[in-house]
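Novice: Below you'll find the structure I mean.
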């Protein structure tokens, strides 16, 4: 079993993924920044990540998916900082022997992440044009929210389960 | 003793700071810190407490060197 977690500054680059032997189901979910929120045109989302806790929580979620659903591997990447419309801010890759557990684990991981992982997004709205609603950010950056370009990588030490 | 509590997201916006200090009796538990927080900032009541990067129950002891954070509604993904 292997669980991999990485917090990335800015948008996620295109994925380079290897399926590997023993995998019968390979699920890739990507979260993309939409162009509008609450009817207002969006430029980007600005992600605030409480990095040490978010990394631990994501890793725990990955381990839980392996234990509860029997999937083989879980890998997750999440952005910190600014991600523009159309760019990828979240990627979850789950490998399983069969599709049922891989798909179930994918949905459950995302549900739990949205409940328990300390990541917040604030909208960065496009300048309002006549007749449109304008928008503003809802909170300020925290000094603990890293924006240094550093990658925080967490890898479990377990061997891949086959 | 004084406990520093980190704030994020809507809680940070609501209080206007990225952290606050609360005064509690020595050897506090998580519930004591929450009580002190909520008395001063009632708008934070829906948030949970995390100590050293994990959510904790109300009876969790808090030490002087622990990292304490208030985690409100999250919105990752």
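The values are calculated or read from the model by the stated rules, or taken from the named source; none is laboratory data. This structure is a prediction, so every number in the text was calculated from the model and none was measured. Here the Cβ positions follow ideal geometry from the backbone for every residue, glycine too, while neighbour counts run over all protein chains shown.
Novice: Among the residues of segment B:33-64, count how many are part of a helix (DSSP H, G or I) and touching a residue at least 12 places away in the same chain (Cβ under 8 Å).
Specialist: Of the residues in segment B:33-64, 7 are part of a helix (DSSP H, G or I) and touching a residue at least 12 places away in the same chain (Cβ under 8 Å).
Novice: Those residues that are touching a helix residue (DSSP H, G or I) at 6+ places or on another chain (Cβ under 8 Å), part of a helix (DSSP H, G or I) and crowded, with 21+ Cβ neighbours inside 10 Å, I need them from segment A:103-117; list them, please.
Specialist: A:105, A:109, A:113
Novice: Now for a different question. Run residue A:140 past the list (1) away from every other protein chain (no Cβ under 12 Å); (2) under 29 Å from residue B:9 (Cβ atoms); (3) at pLDDT below 70; (4) touching a helix residue (DSSP H, G or I) at 6+ places or on another chain (Cβ under 8 Å) and report the number of the one that doesn't hold.
Specialist: Against the list (1) away from every other protein chain (no Cβ under 12 Å); (2) under 29 Å from residue B:9 (Cβ atoms); (3) at pLDDT below 70; (4) touching a helix residue (DSSP H, G or I) at 6+ places or on another chain (Cβ under 8 Å), residue A:140 comes up short only on (1).
Novice: Considering only residues of segment B:1-31 that are away from every other protein chain (no Cβ under 14 Å) and more than 17 Å from residue B:67 (Cβ to Cβ), which is surrounded by the fewest Cβ atoms within 10 Å (Cβ to Cβ)?
Specialist: Only one residue fits best here, namely B:26.
Novice: With respect to the numbered conditions (1) under 15 Å from the mean Cα position of the chain (by Cα); (2) farther than 24 Å from residue A:116 by Cβ, which one is the sole condition not fulfilled by residue A:46?
Specialist: (2)
Novice: Same structure again: Among the residues of segment A:74-94, write down those that are surrounded by fewer than 24 Cβ atoms within 10 Å (Cβ to Cβ) and either at negative phi or without any contact (Cβ under 8 Å) to a residue 12 or more places away in the chain (or both).
Specialist: A:75, A:77, A:82, A:84, A:85, A:87, A:88, A:90, A:91, A:93
Novice: Hey, residue A:121 hits all of (1) modelled with pLDDT under 70; (2) crowded, with 17+ Cβ neighbours inside 10 Å; (3) within 11 Å of chain B (Cβ to nearest Cβ) but one; which does it fall short on?
Specialist: Residue A:121 satisfies all of (1) modelled with pLDDT under 70; (2) crowded, with 17+ Cβ neighbours inside 10 Å; (3) within 11 Å of chain B (Cβ to nearest Cβ) except (1).
Novice: Could you please give the count of residues in segment A:46-66 that are more than 9 Å from every other protein chain (Cβ to nearest Cβ) and out of contact with any helix residue (DSSP H, G or I) (no Cβ under 9 Å at 6 or more places or on another chain)?
Specialist: Qualifying residue count for the region: 4.
Novice: Would you confirm whether any residue within segment A:22-30 is over 15 Å from the mean Cα position of the chain (by Cα) and part of a strand (DSSP E or B)?
Specialist: yes
Novice: Here's another thing I want to ask about it. Looking for something farther than 16 Å from residue B:76 by Cα and either in a helix (DSSP H, G or I) or touching a residue at least 60 places away in the same chain (Cβ under 8 Å) (or both) - is there at least one such residue anywhere in segment A:51-59? Reasoning before the result, please.
Specialist: In the first step, residues of segment A:51-59 are kept if they are farther than 16 Å from residue B:76 by Cα; the result is none.
No, there is no match, as no residue in segment A:51-59 is farther than 16 Å from residue B:76 by Cα and either in a helix (DSSP H, G or I) or touching a residue at least 60 places away in the same chain (Cβ under 8 Å) (or both).
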